[in-house]
1. Residue check: is residue 241 farther than 19 Å from residue 294 by Cβ, in a helix (DSSP H, G or I), among the β-branched types (Val, Ile, Thr) and touching a residue at least 12 places away in the same chain (Cβ under 8 Å)?
2. Could you tell me whether residue 247 is outside any helix (DSSP H, G or I), buried (at least 24 other Cβ atoms within 10 Å of the Cβ) and touching a helix residue (DSSP H, G or I) at 6+ places or on another chain (Cβ under 8 Å)?
3. Anything in the range 51-72 that is touching a residue at least 24 places away in the same chain (Cβ under 8 Å) and part of a loop (DSSP other than H, G, I, E, B)? List them, or say none.
4. List the residue pairs whose Cβ atoms are under 8 Å apart, where the first residue sits in the range 155-166 and is more than 12 Å from residue 143 (Cα to Cα) and part of a loop (DSSP other than H, G, I, E, B), the second is of a type in the set (A, V, I, L, M) and modelled with pLDDT under 85, and the two are 6 or more positions apart or on different chains.
5. Please determine, by comparing only the residues of the range 151-178 that are farther than 22 Å from residue 250 by Cβ and hydroxyl-bearing (Ser, Thr, Tyr), which one is surrounded by the most Cβ atoms within 10 Å (Cβ to Cβ).
6. Kindly provide the set of residues from the range 96-144 that are more than 24 Å from residue 283 (Cα to Cα), charged (D, E, K, R) and touching a strand residue (DSSP E or B) at 6+ places or on another chain (Cβ under 9 Å), ordered by number.
7. Answer yes or no: is there a residue in the range 93-100 that is crowded, with 17+ Cβ neighbours inside 10 Å and in contact with a Cys (Cβ under 6 Å, 6 or more places away or on another chain).
Amino acid sequence: MCSYARSALFAVALSSFTMIAWSASANGSRDGSAAATGPAASLPDVTVTAPRPPDPQELAGEAVPKFITSHATPSTVIHQLARWRTGICPVTQGLSPAFNAFVSARIEAVAATVGAPHQAAEKCGHNIQIIFAREPQKVLDEVMKQKSRLLGFHYAQQTKKLATFSRPVQGWYVTSTRGDAGDEAIDEAQQLPSVPNLGLTGPVPAGRLGSRLVTGQSSAIINALIVVDVQKIGGHTIGSISDYLAVLVLSQSQSPDSCGALPSIIDLMSSNCGDREKPTQVTAGDIAFLRGLYSADLEQPASLEVTDIQNNMMRQFQSR
């Protein structure tokens, strides 16, 4: 599916969703005080600086493969890892204009650092929505009623549970599957009818037969919706929150609550880290993982994709 096809498919949904989300989060912290304090001039640098390398203890045993599986959830349809194939274009709402712009810019900066595709901000179509709200469930209620497709693959009876907000930050992803012949379809429980002139097909595109090493299919993220409860992120800087969001949107991560041996900015919201100091910016593990994800061959079974990313990460660590 070409980028135009994706834009055509989601244009109406996203334009109306923007108004829905803004209305539902009207009681959110638009002055940015829930996530950070101080004037816009005190915003941190958007540039991504090199984090400290991991020590041997953080890389021991199964630390790296566990890190990968906690950061990347396989797609529901073909059970393979997903990444952005077309350029990301984030839009942030619910904070002051300066803070909104910083969050989006930081996500784009992390994307550029790890080799993820990104678009020119002034002329891109938004495919990542970051919503800061004091009453996040109201945002999800509106999505559930009016644009439930933005919640990603699910059956009708699962919608209410899927749209229940229970963490400080939660993400929902729309994915697609590309077949061996280059055809692509959005992953939905109720398949859309074929629309040939937009490059959309109805059934799941076929893979490659006769090989256990190559599937001929791949998954892509085509939209990400992230909702942030501003009442549960107090004490964290806007820089830390932005880095957390960047890692969350660049892979299909369901806001994991794990806290593995290899540190991650995702640990910021985890309740399972004990007394360990939590990172305040993207870590070496985060950068290495995302670089591995965006350079890996994702036309393999998920276990081989994880191995591919793991090997890439270890090469990055050993070269430092």
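1. Spelling it out, residue 241 is indeed farther than 19 Å from residue 294 by Cβ, in a helix (DSSP H, G or I), among the β-branched types (Val, Ile, Thr) and touching a residue at least 12 places away in the same chain (Cβ under 8 Å).
2. No.
3. Passing the criteria: 51, 52, 53, 54, 60, 61, 72.
4. Close Cβ pairs satisfying both conditions: 155/189.
5. Step by step, filter the range 151-178, then rank; the result is 159.
6. Of everything in the range 96-144, those that are more than 24 Å from residue 283 (Cα to Cα), charged (D, E, K, R) and touching a strand residue (DSSP E or B) at 6+ places or on another chain (Cβ under 9 Å) turn out to be 134, 135.
7. No, the range 93-100 contains no residue that is crowded, with 17+ Cβ neighbours inside 10 Å and in contact with a Cys (Cβ under 6 Å, 6 or more places away or on another chain).
Residues checked against (1) free of Cβ contacts under 8 Å to residues at least 24 places away in the same chain; (2) closer than 19 Å to residue 53 by Cβ; (3) not in a loop (DSSP other than H, G, I, E, B):
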{"residue": "216", "(1), (2), (3)": "no, no, no"}
{"residue": "227", "(1), (2), (3)": "no, no, yes"}
{"residue": "274", "(1), (2), (3)": "yes, no, no"}
{"residue": "314", "(1), (2), (3)": "no, yes, yes"}
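The values are calculated or read from the model by the stated rules, or taken from the named source; none is laboratory data. Worth saying up front: this structure is predicted, and the values here are computed from it rather than measured. All Cβ positions, glycine included, derive from the backbone under ideal geometry; neighbour counts span all protein chains shown.
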